[in-house]
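As structure tokens, the structure follows; a few thoughts come after it.
The values are calculated or read from the model by the stated rules, or taken from the named source; none is laboratory data. Remember, it's a predicted structure, so these values are computed and weren't measured experimentally. Neighbour counts are summed over all protein chains in view; Cβ atoms, including those assigned to glycine, are modelled from backbone coordinates with ideal geometry. Quick note on the areas: whole protein, heavy atoms, side chains included, nothing else; ligands and nucleic acids left out. Shrake-Rupley method; radii C 1.70, N 1.55, O 1.52, S 1.80 Å.
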Amino acid sequence: MQLPEPPKIAAVEVVAAQPTETDRAAIAHRGVKEPPEAVHVVKVRLKAKPPVMSMAWALYVDDELVPQYWEYTDGIYFTVLDPQFFTKHKGKQLRFSQNGTDFFDTGVTLTAPATSAAAAKLPLQSDVLKRRRPGRRTK
Amino acid sequence: MSVAEETAELGNPGLAGNEQFDTLIYGSPPLAYPAALSQYVIYNTPDPAYVTGRINVSAFANLGSATPWPFTNTNVPLNGHVSIPRGRGPFPLAVFAHGNHSPFENSTPGYLYLCQLLASHGIIAATIDVNFLNGFNFGENAGRAIVHLEHLKQFRTWNNTAAHPLHGKVDLNRILIVGHSRGGEAVGHASFFNRLAAIGPVVLDGSAGLGPYRFGLTAAAAIAPTDRQFTPATGPTVVPDSYYIIHGSQDADVFTFEGYHTYERAHAVDLTNPTVSDGKFKAMLWVHKANHNQFNSIWASESAPGAAMPRPSQEQIARVHLGALAQVVLLDRREYFAVLRDHAVATAWDPVGTEIVSQYQNPERIFVQHNQEGLAAPVVSLPVQGSVAVDGLVAVRQLTALVGGAATTTITLRLAWNATGTRLLLLVDPATLPAERYKVMALRVGQSNEATNTANRDQDFTLEVSSGSRTSAFPASSLHRLLFPDPPPFGPAKIVMQTLRLPVARLVECRVDPSDLRSIALVFDRRQTGVIYIGDLQFTN
């Protein structure tokens, strides 16, 4: 048998969306005085989804672990509550690791979010995940 | 008492008991499962007395949107199967949770074979639906833990509801939680969360739906668990309850024995109070040729043909050893601790030829050498006073991940020799070592697959224990086999240490006075060369 190979990323897309109630609670818990009107859904489109296993490919942006990600039709996504995340990591490499020690560079970097639309016009996160538009690929 | 004598006195805990029981479904109907999720339709027709509510896990997990669940993470169902002994009870409770797998296959019934075994011994045993967290997700194991605890809460509710068939039948002070794979990681988090009033912004007092918990968990058991896919804000979870882990050497999913790290963090020595114990035990079973999926009767084997033991054998091992654990922690049959302390007690019940490595850490212990002081030269550990002499071998403390995968936090002592007669000698001040208060001298030892160990040959050495002018010698092999590592499906071989337990009574029989112990030596006179890793030399019970 062969060691599992890390997922290969086709594209990354960052989409502003409305925060959920849970997002708002999490932001409030951080003591943020002026909560952002938007959160950002980072859609990581995969060339192929690996088989579902218990061992996981943890996703990192540079050296920072993305603590949670979720499956959607074309790959995985995670939600960024703090816009500073992009300031800190824009252009940094997305990487996978199974043990926090050995890392696999994906060759794909994090893009900055497009300028947010007015809060009232932001899509729901569930709608963002339904869109099947290929994202920009950046190196 | 010899192993044979102990076995003769015990019944096989893997065989069905005499209690009659019923198995039924509980669930949260109505849910419009689409055709792709037709395996879950069974939860739409629960036993009428066992209709449950929904819970909101949105603070902990999303549902993968690639699976068409007919609910969201704010109203996930409490579905499960439960085997209930007939009779008045109260009966202890065991609740099993599966791990990550294709959400299009219902993983929940995969532990019914264990539930029905436990029910036949007078235990209410359930297996729960956490499939909605399955998929290509990451970091959701806190959510799995919350779901597990909420199922326990459901049983508490039924137990406290006057008109319910389970009214007064659940012994809420005897609860065992068992999880497999990511569900195995989650039982560690559940054990930790069980004592909390809040997790981040989520208050666990019931006011927002979740909690309160504070159940009487007598143990958490993990089958081939992951580790640290979720990390609490306070750092990696340290399981506060008694902890049991079982893992297979041919696991081709969790192939780095992640749960070893959970095991090491649990009930570890406190360097500031090395004689203080939290009163909990931990035990480990490393099963050669067992794989990941065959612990769940639904999941197809992930192994190449012939690489793993047959499924019936693996299920038999699960029955025997989890059955023994349940006897101990749920039925107060403490005599089954013998199986946890030494897997050889179960040899007659395990499939013929099964090779197993086991560890056991009793809460009552005083360490002579635990090695956690740092990476400097080995010393005798406080409060025992003494010194260490190394004669002809290389003794190096290492922060080595013996089982691969993530970095370890546990230091082990690596001993390498290239000639017979070499030794590691611990000289101790008998006034600081009250060995006579304990029943056993124990240490854990494992051989690596390095070239100086002969492939597929047990390693061996001699333990010499001295008091005054009296010295007795015991081959390690007389206490237990030190197996050569089983080649894994991929990645490096795991070095899993075996606990060796030398009864103090045997020392006394040999006229070694435990109240006047002067030295303990590991003498390498039984193999010309070798490399072993050792740790946790102690007197214990």
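Out of B:S277, B:S297, report the one residue that is within 30 Å of B:F104 (Cβ to Cβ) and open to solvent by 20 Å² or more (accessible area, probe 1.4 Å).
Exactly one residue qualifies, and that residue is B:S297.
Quick one: which of B:I223, B:I199, B:I245 is β-branched (V, I, T) and surrounded by fewer than 24 Cβ atoms within 10 Å (Cβ to Cβ)? Before the answer, list the steps.
Working: B:I223 fails: surrounded by fewer than 24 Cβ atoms within 10 Å (Cβ to Cβ); B:I245 fails: surrounded by fewer than 24 Cβ atoms within 10 Å (Cβ to Cβ).
The match here is B:I199.
Determine if the range B:92-102 includes at least one residue that is touching a residue at least 40 places away in the same chain (Cβ under 8 Å) and within 23 Å of B:V203 (Cβ to Cβ).
No: zero hits.
If you take the residues of the range B:278-306 that are of a type in the set (G, A, S) and within 14 Å of chain A (Cβ to nearest Cβ), which of them is farthest from B:S249 (Cα to Cα)?
So the first thing to find is which residues in the range B:278-306 are of a type in the set (G, A, S), and the list is B:279, B:283, B:290, B:297, B:300-301, B:303-304, B:306.
If we keep only those that are within 14 Å of chain A (Cβ to nearest Cβ) as well, we get B:300-301, B:303-304, B:306.
Values: B:A300: 17, B:S301: 14, B:S303: 11, B:A304: 13, B:G306: 14 Å.
My answer is B:A300.
Given the criteria in contact with a helix residue (DSSP H, G or I) (Cβ under 6 Å, 6 or more places away or on another chain) and of a type in the set (S, T, Y), does B:S467 qualify?
yes
Take the residues in the range B:19-66 that are open to solvent by less than 30 Å² (accessible area, probe 1.4 Å) and assigned to a helix (DSSP H, G or I), then tell me which one is nearest to the other protein chains (Cβ to nearest Cβ).
B:L37
Restricting attention to the range B:430-477, and to residues there that are open to solvent by 10 Å² or more (accessible area, probe 1.4 Å) and acidic (D, E), which single residue is nearest to the chain's Cα centre (by Cα)?
Filtering first and then ranking leaves B:D458.
Need a quick list: strands (runs of 3 or more DSSP E) entirely within the range A:1-105 having at least 1 residues that are within 17 Å of B:A66 (Cβ to Cβ) and of a type outside the set (G, A, S). Don't jump to the end; show me each part of the working.
Numbers: elements: A:9-17, A:39-46, A:58-61, A:70-72, A:75-80, A:93-97.
Of the strands (runs of 3 or more DSSP E) lying wholly inside the range A:1-105, those with at least 1 residues that are within 17 Å of B:A66 (Cβ to Cβ) and of a type outside the set (G, A, S) span A:9-17, A:39-46, A:58-61, A:70-72, A:75-80.
Among the residues of the range B:124-140, are any out of contact with any His (no Cβ under 6 Å at 6 or more places or on another chain), away from chain A (no Cβ under 14 Å) and surrounded by fewer than 24 Cβ atoms within 10 Å (Cβ to Cβ)?
no
Six or more apart or on different chains, Cβ under 9 Å: which pairs go from a residue in the range A:44-66 that's closer than 19 Å to A:E13 by Cα and more than 9 Å from every other protein chain (Cβ to nearest Cβ) to one that's among the small types (G, A, S) and open to solvent by 30 Å² or more (accessible area, probe 1.4 Å)? Could you list them?
A:Y60/A:G100
Any idea which residue in the range A:68-104 is surrounded by the most Cβ atoms within 10 Å (Cβ to Cβ), counting only those that are at the interface with chain B (Cβ under 9 Å from one of its Cβ atoms) and of a type in the set (D, E, K, R)?
Taking the candidates together, the pick is A:E71.
Out of everything in the range B:209-233 that is within 14 Å of chain A (Cβ to nearest Cβ) and of a type in the set (S, T, Y), what residue ends up being nearest to the chain's Cα centre (by Cα)?
Once the filter is applied, the top-ranked residue is B:T226.
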